[in-house]
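Since the structure comes first, as structure tokens, the remarks are kept for the end.
The values are calculated or read from the model by the stated rules, or taken from the named source; none is laboratory data. These figures come from a predicted structure and were not determined experimentally. Here Cβ is always computed from backbone atoms with ideal geometry, including for glycine, and neighbour counts include all displayed protein chains.
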Amino acid sequence: MSTASQPIDPNALRDLRSRLRGRVLLPGDTGFDTARRPWNLAVEQPVAAVVEAADTADVAALVSHAAATGYGISTQPNGHGATGRTAGTVLLRTRRLDTLDIDPAARRARIGAGVASGRVQAAAAPHGLTGLPGSSPVVSVTGVALGGGLSWFGRAHGWIADSVTALDVVDAGGRERHVTATDDPDLFWALRGGGGDYAVVTAVELALHPAPVLYGGRVLWRAEHAPAVLDAFRRITADAPDALTCWFELLHFPGADPMVAVDVTHLGDEREARALLAPLDRLPAPLGDSRRIMPVSEVGTITAEPTDPGPGLSRGELLTELDDTAAKTLLADPIAPLLSVQLRHLGGAFAHPSDSPHGPLAEPYALYLFGIPGTPERTEAVAARQRELADTLPVGRRKPFTFLAPGETAADAFAPAALERLRAIKRHHDPGNVLRSNFPVLA
């Protein structure tokens, strides 16, 4: 299989306009540069054309045309996981595939590829149900599920991909298919956490979970209290029930003093949550405390992440432990020039058996390091601080697929046996390498 980008006949691209209902943008067209940009504006994303599919039929027509003509397709709703590995491909935007159907009796949702997490939460909340949302309400459910997916409620329900019950796809030959564990177990397995290398997913069916009560929010202190806050976080997470999730964050925003926060969700009543989180209430008075009973539709507001595109440089790791030495290392120096250093408590259902490419998460914490690049000097300073922390903390050998950053590969996420199985599935389902994911398994 060739993974090299081949020159595309310009006439073939212009021919797409007569074949598709959606918009086709070529270099030089008004709006082309805006349409090709990924969510992370620090990533340069060169493409030969952009197709904004109007519907599934457009996706099938595009893939058939690509297979016959010999070019590659890079699929993104918005480009949250973009790496810039798109040269010579056609960028397929699927954000207009926005159908969302909730079946409260079956506790099931059918979610189009362009549907964001916050919209699913808003639709499920009136029925006392929830999907498995991450920290941001604007990330597409399909994109996160293809990478496995770490959710606020993963300690209770595992990977987001574990809740996927079926997928609607267009295969590499342009055929529309409905994929389940019964009719194509290999492809079903690969798409539930192995990335988008094997088919274009146009919709997922996702099991919903009961969430009659949600307590959550952020507690924020001055950075001088970070040692005490981290100590409380470690005590809470040492024996937390699966319904409770806590994230610890060191924060240093431009123009503001450094701060430290604990973000929490609890799938249960306030009294129980308050008892579990009592170590936080014994700390010095916080700068702010937004904890409250909230609808699951508002879980995306807890971390207050930006909802508009912007530049960023991230690095993710898994921590094998958070002992005294690791805690001291984490707090030894200011995080600058990073904006945030986040520890997510894992465990619970994350550590249970999972028939997904990554498998269970044995590591108890995830580490996420984020800064804003700029000049070459600042960009290197951000990357150097990330390397320093990763090199001095007890990190694991693998990391979640959705934590991968430009420059990393699928081999950084999967064990050798799982990676080889994914490669075999790729060769079988896409021998012409029509479909190019952000992190191709054959790279």
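Taking the range 379-398 as the region of interest, how many residues are surrounded by 20 or more Cβ atoms within 10 Å (Cβ to Cβ) and closer than 23 Å to LEU41 by Cβ?
3
Examine the range 31-42 for a residue that is farther than 24 Å from PRO309 by Cβ and at pLDDT 95 or above, and state whether such a residue exists. So that I can check it myself, show each step before the final result.
Narrowing the range 31-42 to residues farther than 24 Å from PRO309 by Cβ: none.
No, the range 31-42 has no match at all.
Given the conditions (1) closer than 26 Å to ALA145 by Cβ; (2) touching a residue at least 60 places away in the same chain (Cβ under 8 Å), which single one is not true for LEU339?
Unmet for LEU339, out of (1) closer than 26 Å to ALA145 by Cβ; (2) touching a residue at least 60 places away in the same chain (Cβ under 8 Å): (1).
For the range 199-229, what are the residues that are in contact (Cβ under 8 Å) with a residue 12 or more places away in the chain and of a type in the set (D, E, K, R)?
Filtering the range 199-229 for residues in contact (Cβ under 8 Å) with a residue 12 or more places away in the chain gives 199-223, 225-229.
Hits for the range 199-229 are GLU205, ARG218, ARG222.
Restricting the range 53-65 to residues that are in a helix (DSSP H, G or I) and under 27 Å from the mean Cα position of the chain (by Cα), which is surrounded by the fewest Cβ atoms within 10 Å (Cβ to Cβ)? Even if it seems obvious, please write down each step before you answer.
Here is the first cut: in the range 53-65, the residues in a helix (DSSP H, G or I) are 56-65.
In the following step, the residues that additionally are under 27 Å from the mean Cα position of the chain (by Cα) were identified as 56-60, 62-63.
Values: THR56: 20, ALA57: 14, ASP58: 25, VAL59: 27, ALA60: 19, LEU62: 26, VAL63: 26.
Per the stated criteria, the residue is ALA57.
Considering only residues of the range 314-349 that are in a strand (DSSP E or B) and charged (D, E, K, R), which is farthest from GLU377 (Cα to Cα)?
Taking the range 314-349 and keeping what is in a strand (DSSP E or B), we get 314-319, 340-345.
So of that shortlist, the ones also charged (D, E, K, R) come out as 315, 317, 344.
Details: ARG315: 18, GLU317: 24, ARG344: 29 Å.
The extreme case among them is ARG344.
Does any residue of the range 400-412 turn out to be outside the structural domain of GLY134 (by TED's automatic domain parsing) and farther than 25 Å from ILE160 by Cβ?
No - not one qualifying residue is present in the range 400-412.
Report, by residue number, each residue of the range 129-185 that is touching a strand residue (DSSP E or B) at 6+ places or on another chain (Cβ under 9 Å), β-branched (Val, Ile, Thr) and not in a loop (DSSP other than H, G, I, E, B).
THR130, VAL141, THR142, ILE160, VAL164, THR165, VAL169, VAL170, VAL179
Can you find a residue in the range 393-404 that is among the small types (Gly, Ala, Ser) and either touching a Gly at 6+ places or on another chain (Cβ under 7 Å) or not in a loop (DSSP other than H, G, I, E, B) (or both)? Don't jump to the end; show me each part of the working.
Going through the range 393-404, the residues among the small types (Gly, Ala, Ser) turn out to be 396.
From what is left, the residues that are either touching a Gly at 6+ places or on another chain (Cβ under 7 Å) or not in a loop (DSSP other than H, G, I, E, B) (or both) are none.
No, that holds for no residue.
Out of THR245, THR237, THR180, which single residue is β-branched (Val, Ile, Thr) and farther than 21 Å from ALA327 by Cα?
Details: THR245 fails: farther than 21 Å from ALA327 by Cα; THR237 fails: farther than 21 Å from ALA327 by Cα.
Sole residue among the options that is β-branched (Val, Ile, Thr) and farther than 21 Å from ALA327 by Cα: THR180.
For the condition within 19 Å of the chain's Cα centre (by Cα), at negative phi and at pLDDT 95 or above, what is the one hit in VAL169, VAL204?
Details: VAL169 fails: within 19 Å of the chain's Cα centre (by Cα).
The match here is VAL204.
Yes/no per residue for (1) surrounded by fewer than 20 Cβ atoms within 10 Å (Cβ to Cβ); (2) of a type in the set (Phe, Trp, Tyr); (3) in contact with a Leu (Cβ under 6 Å, 6 or more places away or on another chain); (4) farther than 25 Å from ARG235 by Cα:
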position: ASP269; (1), (2), (3), (4): yes, no, no, no
position: ARG292; (1), (2), (3), (4): yes, no, no, no
position: GLU298; (1), (2), (3), (4): yes, no, no, yes
position: ARG315; (1), (2), (3), (4): no, no, yes, yes
position: ASP355; (1), (2), (3), (4): yes, no, no, yes
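Given the criteria under 25 Å from PRO360 (Cβ atoms) and among the charged types (D, E, K, R), does ARG119 qualify?
Working: under 25 Å from PRO360 (Cβ atoms): no; among the charged types (D, E, K, R): yes.
Spelling it out, it is not the case that ARG119 is under 25 Å from PRO360 (Cβ atoms) and among the charged types (D, E, K, R).
Examine the range 132-141 for a residue that is among the hydrophobic types (A, V, I, L, M, F, W, C), more than 26 Å from ALA66 (Cβ to Cβ) and touching a Leu at 6+ places or on another chain (Cβ under 9 Å), and state whether such a residue exists.
Looking through the range 132-141, at least one residue is among the hydrophobic types (A, V, I, L, M, F, W, C), more than 26 Å from ALA66 (Cβ to Cβ) and touching a Leu at 6+ places or on another chain (Cβ under 9 Å).
Given the structure, is GLU363 of a type in the set (D, E, K, R), more than 15 Å from the chain's Cα centre (by Cα) and crowded, with 17+ Cβ neighbours inside 10 Å?
On the way: of a type in the set (D, E, K, R): yes; more than 15 Å from the chain's Cα centre (by Cα): yes; crowded, with 17+ Cβ neighbours inside 10 Å: yes.
Yes, satisfied.
Could you tell me whether GLY118 is crowded, with 24+ Cβ neighbours inside 10 Å and closer than 27 Å to PRO38 by Cα? If you could, list the steps in order and put the result at the bottom.
Numbers: crowded, with 24+ Cβ neighbours inside 10 Å: no; closer than 27 Å to PRO38 by Cα: yes.
No.
Here are the criteria: (1) assigned by TED's automatic domain parsing to the domain that holds VAL141; (2) within 24 Å of PRO309 (Cβ to Cβ). Tell me which single one GLY79 does not satisfy.
(1)
Return the only residue of LEU422, LEU339 being buried (at least 18 other Cβ atoms within 10 Å of the Cβ) and in the same structural domain as GLY134 (by TED's automatic domain parsing). Before you say what the answer is, go through the steps one by one.
On the way: LEU339 fails: in the same structural domain as GLY134 (by TED's automatic domain parsing).
The unique qualifying residue is LEU422.
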